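Below is one structure, written out as structure tokens; comments come after it.
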């Protein structure tokens, strides 16, 4: 089976990370996959072992997802958008997949509707067409108007064979964040959570006894890092380590190091971050899909500060669903101060050892089986 996954990450890297995890699962099962990525290239993911086709990249203008920028930071031109569309269709034609998976669309990425529409029209015009599936995380940004949900339903009904929901319905059913109509319900396929295999403890016990503060691989997190630095100054007996991502990481690191307390370490994001969680005293982070799963796969005490810039609510819903687990504290960004953060960290550490790591998150493997069955059902019809 040949599987083409289409994804564009606009702010952080979570969507791309999940797409690559799925691609690895298809490859491991003896299938062939490609990931067509339309977001900014991510250096740390370049050696993922997955075949990636890079479209002319775009990103959002910060948390303004109605405005697309190119690599130079200028508004994406019509010429660039047409080039993306052309290369996307060309990738479809050359790879000739048995299944096409669109990450988030049509539940999101509406600003890229034109290229997705062209892709879907091309798919459905092909003889012996591939199966078409949407891939969505546990929590979505709820539709601002009923009409948006209705339009999504119409696209799913007309052009999709199934919707892969990468969640456990007992923990976070889709209707926590999205209105699920009867028509949509019939196409939902819950896969369980999609996470990379649990990381082993770090061979050097890196991060042992530290408070590790991270904000994903995107350019956000300035306030979180600022208050973490201030909290470190109030907590001289523990080392606080800030892991900074994004294209301007070095500039941010320089600013944070200026006047920093002696117990503060600041560096760029690390590929061994997940291993370090086994040894850390606590983690402080946003509550994105991949970060949350990384923490649940360990027993590391965690403080989640849900990202809510631009009226984002997804992470707040996810954090609320996890808040009852031992060793997990949730601190709203509006309540974020150095003393409040230090208090939440201390509280999480006190309760942390009560939580057992969740080692089995086989959503990627189940996704492979669901897609394989969907392709077989389509061929049988």
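Every number in this text was worked out from the coordinates using simple rules, so none of it is lab data. Note that this is a predicted model, so its numbers are computed, not measured. Cβ: placed from backbone, ideal geometry, glycine included. Neighbour counts: every protein chain shown.
Things to note:
- Rounded, prolate or oblate (a/c below 1.5 giving rounded, otherwise prolate when a/b exceeds b/c) for region 213-357 by Cα gyration tensor: rounded
- As a calculated quantity, the FRET efficiency between residue 150 and residue 311 at R0 = 25 Å, using C-beta atoms, amounts to about 0.70.
- Where a label projected 7 Å from the Cα of residue 61 along Cα→Cβ would reach, residues of region 9-40 with amide N under 17 Å: 10-11
- Cβ-derived FRET efficiency at R0 56 Å, residue 237 paired with residue 117, nearest 0.05: 0.45
- Normalised contact order of the chain, rounded percent, pairs of Cα under 8 Å and 6 or more residues apart: 15
- Per-residue ellipticity at 222 nm computed for the chain from its helices equals -11000 deg cm²/dmol, with DSSP H segments shorter than 4 residues left out and the rest contributing -39,500 (n - 2.57).
- The length gained on full extension between residue 350 and residue 125, counted as 0.36 nm times the residue separation minus their Cα-Cα distance, comes to 75.1 nm.
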